[in-house]
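Structure, as structure tokens:
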Amino acid sequence: MNKSKRPFTKSKRSFRRRLPPIQSGDRIDYRNMSLISRFISEQGKILSRRVNRVALKQQRLITIAIKQARILSLLPFLNNQKQFER
């Protein structure tokens, strides 16, 4: 029984680390519309944490900020405007 001995080699796939969506200097606040709008879908729904790639604590703060902005009518609750393309 002579088994072929092949040394284990790692795949040499280059992997690029994604930049975090929230920088250390960004404040998660209902007034920071440029930051909040990144975490809302086209329909106006809050995107999930897995899609956003943020930590649990950051996702909670984002959700609270979005809800506050909706109550103060800075953001729509729903975006049901259907756009017809011709």
Between S37 and K67, what is 0.36 nm times their sequence separation minus the Cα-Cα distance? Round to one decimal in nm. 9.6 nm
For region 31-45, in order, what is each residue's ³J(HN,Hα) by Karplus, 6.51 cos²θ - 1.76 cosθ + 1.60 with θ = phi - 60°, in whole Hz (x at glycine and Pro)? 7, 7, 5, 5, 7, 5, 5, 6, 9, 10, 6, 5, 7, x, 8
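Throughout, read-outs are computed from the coordinates displayed, never taken from laboratory work. In this text, all values refer to a predicted model and were calculated from it rather than measured experimentally.
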